[in-house]
Protein chains: 2
Amino acid sequence: MSKVSKSTKSRILEATECLVAEHGFEAVSLRDITSNAAVNVAAVNYHFGSKEKLFEAIQCRYIEPINEERLRIIAELTAEGRVANVREILEAFMRPFLTVVKRSEMSEKLFFKLMGRCVIDHQGGLPEDMIPGIKKVAETFTSALLAAAPNLTTELTLWRLHFTFGVMAQTLLHGDLLHSLTDGACGDPDAEAQFQEMIDFCQAGFLTQKGAKE
Amino acid sequence: MSKVSKSTKSRILEATECLVAEHGFEAVSLRDITSNAAVNVAAVNYHFGSKEKLFEAIQCRYIEPINEERLRIIAELTAEGRVANVREILEAFMRPFLTVVKRSEMSEKLFFKLMGRCVIDHQGGLPEDMIPGIKKVAETFTSALLAAAPNLTTELTLWRLHFTFGVMAQTLLHGDLLHSLTDGACGDPDAEAQFQEMIDFCQAGFLTQKGAKE
DNA sequence: GTTTGATTTAAACATATGCTTGAATGTCGA
DNA sequence: TCGACATTCAAGCATATGTTTAAATCAAAC
């Protein structure tokens, strides 16, 4: 049921991913999906139960592996009582997007947009099954950062994690815009280079002293 | 037509602002708006021409004053050949949200959410009349930053402005979440304090050297 | 070949959407 | 008071939405 021509179910998943990446969850209708996937309208409800559940499946599909990868890396970094530094922790938070995109069959550009949507469009709450994983990630990274930077309080760490999240979401969703918007003044948006720019920016943000002068 | 009880037109504007702030542009219907404003459905098309044009009016209403304020401040900073520093420039970029909210009749929380929507939800392109203003702001701030920090290239400046935009959007839209999400571990979300945290974070991000170690 | 269950299909359902209409109501100057 | 214009209103229009149904088709086991 999988080799020669793709199953209805996976054709729906793929079409939905593309459409959501380009237009966002709110803007995509069942008919958009089914006509792009070349399947019957009823197929979505047959295979997924409802549009809502299809969207939840889309959200979980990559975010859960990404969260697992994040926890795997940070566990490695802090094994045997070692204390990771801020840069390593930020890398552990962001690099999973780069590794998981390679396992997927999507283009980098589309994959990042989809992840940006997942990370931002949490209207009506996240899928229930994802919440424990997300909480675990938040807690683990908060304490790792607290241990890594003696200048940080819990409150400050939370704020700066929040800002880092904004940097990440913006880059995932609109990382390709910068190239076109500036008539190419911003070079080829190579993912690894973008990634390093993000880390540089956020690392400095985390390490600065409150109210520091330049 | 304005004193005693509010006009139909402004009741529509206010209801739309609240609903959009809470649920986003895509999720708000004409009937949501008109029932909240206690006006007839046809009133929107009578006073604004279409739902689309109403949304454009909402977007322009505060963003245009904010962009004017940004340009006013930066002109002041760079008057008589003076060179502004990075912190001053970032303040010029962000503080207008704080000053314009006071001129409005909205609560801070709702106003910031609305601004977050305006800044992020640019599906289907921004209102045509806003584009020149936005371009002016982008150009002015890019060159000011280039002059302020000798470590920056044009490319790097654009990237970091991009990141700063992400920090700002995230904070506008979800600045209230941090308080509730962490069971109060992040103190009272006072707007001026949040603002200074943002500036600290982004200033450090702008001033860091490429690939700097901690 | 027949039967059983899974899948696909066309058609319809109920509701929601943005927008328009034409009549009613209000406002204000002549 | 009248007339002219602006505004409001209930009702309806055409289309789009998510979902369901019942029949048709397919696949594999017996």
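Just to confirm my numbers, what's the Cα centroid distance between region B:120-156 and region A:45-73 in Å?
Using only Cα atoms, the two centres lie 35 Å from each other.
Just to confirm the numbers: B:VAL83, label point 7 angstrom along the Cα-Cβ line, distances to the other copies in nm, shortest first?
3.8
Apply the Kirkwood formula to region A:102-172: the hydrodynamic radius equals the inverse of the mean of 1/r over all pairs of different alpha-carbon atoms; give it in Å with one decimal. Mind showing how you got there, number by number?
Values: mean 1/r = 0.0714 Å⁻¹.
It works out to 14.0 Å.
Mind jotting down the three principal axis lengths of region A:20-128 based on Cα atoms? Whole angstrom, largest first.
The Cα atoms of region A:20-128 stretch 55, 28, 22 Å along the principal axes, largest first.
Between copies, how far does the label point of B:LYS136 sit from its twins, in nm, shortest first, when each point is 7 Å from Cα along Cα→Cβ?
So the distances to the same position in the other copies read 5.3 nm.
Hey, what did region A:60-207 get for relative contact order, percent, Cα under 8 Å, at least 6 apart?
After rounding, I find 33 percent.
Report ³J(HN,Hα) in whole Hz for each residue of region B:59-72, in order, from the Karplus equation J = 6.51 cos²θ - 1.76 cosθ + 1.60 where θ = phi - 60°; Gly and Pro get x.
Result, ordered by residue: 5, 6, 3, 10, 5, 5, x, 5, 5, 4, 4, 4, 5, 4 Hz.
Evaluate Rg over Rh across region A:60-207, taking Cα atoms for both radii and Kirkwood's formula for Rh. Intermediate results must be reported in sequence, preceding the final value.
Numbers: Rg = 15.5 Å, Rh = 16.1 Å.
Radius of gyration relative to Kirkwood radius: 0.96.
Straight distance only, please: which lysines reach the Cα of A:LYS102 with their own Cα at less than 22 Å, same-chain residues fewer than 8 apart left out?
Cross-link targets: A:LYS3, A:LYS6, A:LYS9, A:LYS113.
Report, in degrees rounded to the nearest 10, the 0 to 90 angle that the Cα long axis of helix A:191-207 makes with the longest principal axis of chain A.
Long axis of A:191-207 versus the principal axis of chain A: about 40 degrees.
When Cβ neighbours within 10 Å are restricted to other protein chains, what is their mean count per residue of peptide A:151-161?
Rounded to a whole number, the mean comes out at 4.
Which semi-axes, in whole Å and largest first, does the equivalent ellipsoid of the protein assembly as shown have when worked out from the alpha carbon gyration tensor as the square roots of 5 times its eigenvalues?
Over the Cα atoms of the protein assembly as shown, the semi-axes work out to 33, 32, 21 Å.
Can you give the translational diffusion coefficient of region A:1-49 in µm²/s, computed by Stokes-Einstein from the Kirkwood radius over Cα pairs at 20 °C and 1.002 mPa s?
196
Out of region B:100-135, which GluC sites (Glu not before Pro) are coil in DSSP terms and have no more than 16 other C-beta atoms within 10 Å?
For GluC sites (Glu not before Pro) across region B:100-135 that sit outside H, G, I, E and B with at most 16 neighbouring Cβ atoms in 10 Å, the list reads B:GLU105.
Can you give the net charge of the other residues whose Cβ lies under 14 Å from the Cβ of B:LYS9, counting K and R as +1 and D and E as -1?
Computed value for this residue: +2.
Whole-Hz Karplus ³J(HN,Hα) for region A:133-149, in order, using 6.51 cos²θ - 1.76 cosθ + 1.60 and θ = phi - 60°, x for Gly and Pro?
Working through the residues one at a time gives x, 5, 4, 4, 4, 4, 5, 4, 6, 4, 6, 4, 5, 4, 6, 7, 10 Hz.
As a test of the definition: with a 1.4 Å probe, what buried accessible area, both sides summed, do you compute for A against B, in Å² to the nearest 100? Could you put the intermediate results ahead of the total?
Details: alone 12250 and 12280 Å², together 20510 Å².
About 4000 Å² of accessible surface is lost on pairing.
Among the trypsin sites (Lys or Arg not before Pro) within region B:78-164, which fall in a DSSP loop and have no more than 12 other Cβ atoms within 10 Å of their own Cβ?
Hits after loop and neighbour filter: B:ARG82.
Per-residue mean of other chain beta-carbon atoms within 10 angstrom of the beta-carbon, peptide A:190-199?
Per residue, the number of nearby Cβ atoms from other chains is 2 on average.
Given R₀ = 35 Å, what would the calculated FRET efficiency be for B:GLU68 paired with B:TYR46, taking r from the Cβ atoms and rounding to 0.05?
For B:GLU68 and B:TYR46, the calculated efficiency is 0.70.
Tell me the accessible surface of A:SER29 in square angstrom (1.4 angstrom probe, heavy atoms of protein chains only), to the nearest ten.
50
At q = 0.20, 0.22, 0.24 Å⁻¹, what is the log10 ratio I(q)/I(0) for region B:53-105, with the Debye formula run over Cα points and no solvent?
Reported log10 I(q)/I(0), two decimals: -0.71, -0.80, -0.88.
Counting only the heavy atoms of the protein chains, how much of B:VAL83 is accessible to a 1.4 Å probe, in Å² to the nearest 10?
Looks like 90 Å² after rounding.
From the phi angles alone, apply the Karplus equation (6.51, -1.76, 1.60; θ = phi - 60°) to region B:14-28 and give each ³J(HN,Hα) in whole Hz, x where the residue is Gly or Pro.
Ordered by residue, 3J(HN,Hα) equals 5, 4, 4, 4, 4, 5, 5, 4, 7, 10, x, 4, 4, 8, 9 Hz.
Before rounding to the nearest 500, sum -39500 (n - 2.57) across all DSSP H runs of length at least 4 in chain B and divide by the residue total; then give [θ] at 222 nm in deg cm²/dmol.
-23000 deg cm²/dmol
Skip the ligands, DNA and RNA, and give the accessible area per residue of the protein assembly as shown with a 1.4 Å probe, whole Å².
Per residue, the protein assembly as shown has an accessible area of 48 Å².
The values are calculated or read from the model by the stated rules, or taken from the named source; none is laboratory data. Model, not experiment: these values are computed from the prediction. Neighbour counts are summed over all protein chains in view; Cβ atoms, including those assigned to glycine, are modelled from backbone coordinates with ideal geometry. Please note that ligands, DNA and RNA were not included when accessible areas were found on the heavy atoms of the full protein model with its side chains. Shrake-Rupley method; radii C 1.70, N 1.55, O 1.52, S 1.80 Å.
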